[in-house]
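As structure tokens, the structure follows; a few thoughts come after it.
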């Protein structure tokens, strides 16, 4: 009797590996939709922090795609792809800035809600401890496993709640507006802990499942993505040029009409 590779703990077939790489490249693509979700999640998380409402913060964690660039970094390290590593680091950096900036804007708008004494939700998001490392390790392990085993991908939203990525980033924005070094430093440390530990454990999982052989397939998908992005840039450029030409033609038409009216009036 032949057993399905999905039923074996540390075994995947080539099709599963390619599907995992394809999906990860697609989900970690830093396009407009990606940053829209990130910015909105940062705004929601900030409101949850200011209102001392963990439920709102959890909602922000569910919609944020912050995990994908980190998993992409883990895969890139395993495949030893410099271009993929650079792509992931760039996405992580811009993601960091997007969430922090959006949170700063929201915190500034509602700065009156930031009291001299920190509420419990803000305090928790900026207070890393020994369990933070354990939670990050377990989260990195299970999220990487669920990603490799695409049949288990339904678990990812639940894991996203356990992984503390967006709350500390949003809390950094709150700390900057509140001019609180305690909140800023604690939140930054929490994010760094999660980033490092999740990356390390994703590397371990991808390596155990043999994803080091996926370098050529990953490079192929990244080249395809680059071509698609270039086509999108050309389309956007052409659209902007068309709009500019239409506005110029409309302006010229108005000028001709005004000159004609002036001529008719004079005669």
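None of the figures in this text is laboratory data; all of them are computed from the coordinates on show. In this text, all values refer to a predicted model and were calculated from it rather than measured experimentally. All Cβ positions, glycine included, derive from the backbone under ideal geometry; neighbour counts span all protein chains shown.
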**OP:** With a bin width of 5 angstrom, please list the P(r) values of region 15-85 as percents of all Cα-Cα pairs, from the 0 bin to the one holding the largest distance.
**Re:** 3, 16, 20, 18, 14, 12, 9, 5, 2, 0
Original post:
If R0 is 45 Å, what FRET efficiency do you get for residue 225 and residue 58 from their C-beta distance, rounded to 0.05?
Top reply: 0.90
**OP:** Give me the distance in nm between label points sitting 7 Å out from Cα along the Cα-to-Cβ direction at residue 33 and residue 15, one decimal.
**Re:** 2.5 nm
**OP:** Order the peptides 184-195, 37-48 from the highest to the lowest mean number of other Cβ atoms within 10 Å of their residues.
**Re:** 37-48, 184-195
Subject >> Computed over region 5-215, the ratio Rg/Rh where both radii use C-alpha atoms and Rh is Kirkwood >> reply: 1.00
